[in-house]
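Written out below as structure tokens is the structure these notes cover.
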Amino acid sequence: MSVDRADFGAFFAAVRAGQQPFRWQERLVDHLLATGRWPDQLVAPTGAGKTSVIDVHVFAVALMAAGHPVRVPRRLALVVDRRALVDDQHEHATAIADLLATARDDRTVLARVAAALDSLRTGQAEPTASPLTVALLRGGAPPSRSWLDEPTGAAVLCATPDMWGSRLLLAGYGSRTQARPREAGLLAYDTVAVVDEAHLSRQLVTTARRVAELAAVADEPLGVPVLQVVETTATPHADAGVAVGVEADDLAVDAPLRQRLTTPKPVTLRPIPNWPIPKTGPAFKAGVAALADEAVRLREAVRSGDAHGTTVGCFVNSVAVAAAVATELRARDLKVELICGRLRPYDVDRLRPPASTLLSLAGDPTVDVLVSTQSLEVGVDLDLAAAVTELAPGGALAQRAGRVNRLGVRPVTEISVLVPADELPDAAQSGPYQRDDLAAALTWLAGRAVDPAGLAPWALRDPRPPAPELRRDLLQRLELAQAWQLARTSDDLAAAQDDLDLWLSDDLDAADHEFGVVVRRALPADISDAVKLIEALPPRPYEVFPVSIKAATRIRDRLKELAEAAAKAGPDPVPVPMLVRPTDPAPRPLTDGERIRPGDLLVLDDATALFTSKVVDPDGTERVDDVLDALADPKPGQVVLRIERDTAAHRRFLDAVAATVVDQDDPDTPEAAELEPMEAAQLLRVHRDAVTPRPMVVAAAALLDRPESERAGAEVIPHWQESDDGKPELARLIVVDLRKATVDDELRQTWTPRRRKVLLSQHAHAVAQRAETVAGRLGLAPELVQVLRLAGLHHDDGKADEWFQRWLNADPKQPEPLAKSGVRDARIIRRLRQKSGLPTGWRHEQLSVVSAWCALSSQDSAVQDDASLELIVRLVGTSHGHGRHGFPHTAGQLVGDTDATAVDLFDEGRWDELIERTHRRWGVWGCAYLEALLRAADGQVSAEGS
């Protein structure tokens, strides 16, 4: 089965419910296939279908895989500073991935595209896996990591600017230190970044293009396309390079596009006193009432004779105003939905298909008013009947108007804008918007109000909405020395992360990053129990509230106040906020005065009153529910059971436990055969600490109907909560299959998903072969293919060390050393590490460097030049993300002071010089990319059991 250019229309229709592509989308495909490059600018007004870049990317990569001669980037990164749009793009990309995953057994265009994309991958995927990898990189949510495992495959990454930009700069927010080089390398090569609303991310665009520049000027190019950066805009800039997009002639041919872009959207200005709306007081209430009055008026105006839905939008500039307006409208007996960027995805998904049609073009006729902050300005395919909005910058107003009469089918619509009745005060600010931007928008808006076209997208080409003022003196250019400093990923980069705004943010005074808040039912007050529970059930993306880092101090202080109040209320211990930081080895309590960083997650008990209208609020007094069990999203190999009291599942579990538990130290404990179900329940509650792991595993296996053979290697974690009578009862039962759930990088050094030992020679040859396949599939030069093969062959040489073999529990009489022990229980692996005698922080890669250097520098080695030798040894040393630039141990601590090679490398500075020389020759991002390829090969082979 093959794919050719003529299939694009059919593919587009298959992933767009029958919709045919517009002419500009066809031109984008042709430009990409003719040049191998994406345009510098994508010119598409609101409503023109910019999300279709996902469809174009997937199809173009499939064409390349099917034999089209032009090389296109394998990865697409969609970058936009709107959480709602990031989620919307992720949803569309996931829908395409799901369609491709289920289209394997027929000869449709989807099946042929899927087969083509399948041919790119090198790992052994599950038969039901999609050939398209989709990842979400958004602040306040656990970042996706699966895209790192298949560097040869097609991928779509949906990201906010700080999450994407920090990863490009080797300092990813929310990333483990060892993952940062992998992320940066794969983002700098074989990737195209489409930056939506680029006028809001000028520094990011500047930095991304500078990284591409630095990657392209390395002494030794890799032969892989460097990062391409695309700006999206409603009107082209003459100085911004090649542009592809909507042209005037398209409107004569594409009738649906013409209707979307040219149907009038008249504007009404509604002056109100005391605008901007203050944060408190009578003027706050008056402003909220004015917004509610206007929403009601618009609702009545569009209600009669509109067959396309009558939901009115109400866009405001702050969460506090949004929550107050929603409350006011509900008090007027209107059905209201509130959406802002700080809602967790679970709450937003309630309004998306299939649960609801509100956040879709179909709409929900039962909803009277949809209240939102700037979250819904872009991306979401809303089709509101009309809208009222606070004054905002011109670009924001244009995007808000884009959600109104989106398809252009309504005969009547209106956009009402609340503006100040008097001149804007000098210090005026509304939400995140500054006075000068608001004043410029007000002047521009006066012209739009007298134009019958109003805020129709095509009418906004000239005059364009005023761009926001750049809130920094100049855009910063990343220099090579700074790139070298960022490349020191093994050092503590906390300070470097603080400096990333210099290269990522348009506003140095108000750069906004995010952390996340998660609510868990019955979070244990005991710290060790809380740690164990969070490790067993890490936060899931759908349950995370994204929170601005600007609110971190106030939230931390509020949590301290709540803790002090609880301590005064009684002597019983209460759960404490738990901090989950990717660079920490385990969750831990949030300490007093500790600085919360971007990418951090706080896990709170569900009794914590920190919310207003389901939004995190430092002044909030409400609570929200734990939604962990709402979606079936366990990790691979993990089963989560919510066992409600007195249910059939509860009784089955208690019966199974009662059949296996006898407390030998309590003569009053009845024999299992004598227990009735309810007595078993009482036994479990009274003797919860006497229930040994074995009976819990057996009981859980019985409850899950698992065969006896699958019970080994499982860990069962009961999650207890206090019942009404003050005694413990089971809240959840967590069954973790330790064969599959291990994600710790340290444990993976010794772990394999299959219950068998793996010889070091077997693993090394498998990784070498896979690295050669990956490099060849990507079209790297033959000498680099050889480099990666040899690096794979020697990357684990250090595991032959006697101490490491003890960690693997190897038989001393065994003639060959092991690479993997066959032990799958994470607890046993950690215990073996402690007993092995390995020094703290010892890395087998450091010893592998010495071994590889000796083996490859000999006269009969296949490596004939020093540059290749240094690159191979570098890749060996950094094969798990360490060694950039140094290792923690001296030559004497590693192998003894008599080893001249180790002394030269680690005591006399040769390793540091080697790192710098390879950076100079292949570039900072080129080296990171090669490291990512080797680590992907190693990961694939390990996951397959070799």
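The values are calculated or read from the model by the stated rules, or taken from the named source; none is laboratory data. Predicted model only: the values in this text are computed from it and were never measured. Every residue, glycine as well, gets a Cβ built from its backbone with ideal geometry; the counts of neighbours run over all protein chains shown. Only protein heavy atoms, including side chains, enter the accessible area calculation; ligands, DNA and RNA are left aside. Shrake-Rupley method; radii C 1.70, N 1.55, O 1.52, S 1.80 Å.
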**OP:** Considering each residue of segment 567-596, count those that are surrounded by fewer than 16 Cβ atoms within 10 Å (Cβ to Cβ) and not in a loop (DSSP other than H, G, I, E, B), and give that number.
**Re:** 4
Original post:
Taking interchain pairs and intrachain pairs at least six residues apart, which have beta carbon atoms under 6 angstrom, with the first residue in segment 48-70 and farther than 30 Å from ARG461 by Cα and the second open to solvent by 10 Å² or more (accessible area, probe 1.4 Å) and among the polar types (S, T, N, Q)?
Top reply: ALA65/SER119; ALA66/SER2
Original post:
Among (1) surrounded by 14 or more Cβ atoms within 10 Å (Cβ to Cβ); (2) touching a Pro at 6+ places or on another chain (Cβ under 9 Å), which single condition is ARG297 missing?
Top reply: (2)
**OP:** Among the residues of segment 419-453, write down those that are outside any loop (DSSP other than H, G, I, E, B), open to solvent by less than 20 Å² (accessible area, probe 1.4 Å) and farther than 26 Å from SER548 by Cα.
**Re:** VAL419, PRO420, LEU445, ARG448
Subject >> Qualifying residue in segment 325-339 (condition: touching a Cys at 6+ places or on another chain (Cβ under 7 Å) and open to solvent by 20 Å² or more (accessible area, probe 1.4 Å)) >> reply: no
Subject >> Of all residues in segment 802-818 being within 18 Å of THR840 (Cα to Cα) and touching a helix residue (DSSP H, G or I) at 6+ places or on another chain (Cβ under 6 Å), the one that is most open to solvent (accessible area, probe 1.4 Å) >> reply: ARG806
Original post:
Of all residues in segment 597-621, how many are surrounded by fewer than 22 Cβ atoms within 10 Å (Cβ to Cβ) and in a loop (DSSP other than H, G, I, E, B)?
Top reply: 10
Original post:
Any chance segment 121-132 includes a residue that's surrounded by 24 or more Cβ atoms within 10 Å (Cβ to Cβ), under 30 Å from ILE339 (Cβ atoms) and touching a residue at least 24 places away in the same chain (Cβ under 8 Å)?
Top reply: yes
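Looking only at residues in segment 866-900 that are within 12 Å of GLN846 (Cα to Cα) and over 36 Å from the mean Cα position of the chain (by Cα), which one is most open to solvent (accessible area, probe 1.4 Å)? Talk me through it step by step, then tell me what you get.
Narrowing segment 866-900 to residues within 12 Å of GLN846 (Cα to Cα): 873-891, 893-895.
Applying the additional criterion that residues be over 36 Å from the mean Cα position of the chain (by Cα) yields 890-891, 893-895.
Details: THR890: 63, ALA891: 0, GLN893: 96, LEU894: 15, VAL895: 60 Å².
Taking the candidates together, the pick is GLN893.
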**OP:** Go through segment 770-801 and count every residue that is hydrophobic (A, V, I, L, M, F, W, C) and open to solvent by 50 Å² or more (accessible area, probe 1.4 Å).
**Re:** 1
**OP:** Please name all residue pairs, on different chains or six or more residues apart, with Cβ atoms under 6 Å, provided the first residue is in segment 353-376 and is open to solvent by 30 Å² or more (accessible area, probe 1.4 Å) and the second residue is at pLDDT 80 or above and of a type in the set (Asp, Glu).
**Re:** THR357/ASP364; LEU361/ASP383
**OP:** Would you check if there is a residue in segment 33-45 being within 21 Å of ASP196 (Cα to Cα), aliphatic (A, V, I, L, M) and crowded, with 23+ Cβ neighbours inside 10 Å?
**Re:** yes
Subject >> Subset of segment 509-548 (residues that are touching an Asp or Glu at 6+ places or on another chain (Cβ under 6 Å), closer than 19 Å to PRO161 by Cα and either open to solvent by 10 Å² or more (accessible area, probe 1.4 Å) or not in a strand (DSSP E or B) (or both)) >> reply: ALA511, HIS513, SER548
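Could you check, for segment 469-485, whether at least one of its residues is over 23 Å from the mean Cα position of the chain (by Cα), small (Gly, Ala, Ser) and open to solvent by less than 20 Å² (accessible area, probe 1.4 Å)?
Yes.
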Original post:
Which condition breaks for THR280 when tested against (1) among the β-branched types (Val, Ile, Thr); (2) at pLDDT 95 or above; (3) surrounded by fewer than 13 Cβ atoms within 10 Å (Cβ to Cβ)?
Top reply: (2)
Subject >> Those strands (runs of 3 or more DSSP E) lying entirely in segment 180-289 with at least 1 residues closer than 30 Å to GLY881 by Cα >> reply: 191-195, 228-233
**OP:** Name the single residue, out of those in segment 454-465 being assigned to a loop (DSSP other than H, G, I, E, B) and in contact with a Ser or Thr (Cβ under 8 Å, 6 or more places away or on another chain), that is surrounded by the most Cβ atoms within 10 Å (Cβ to Cβ).
**Re:** ALA456
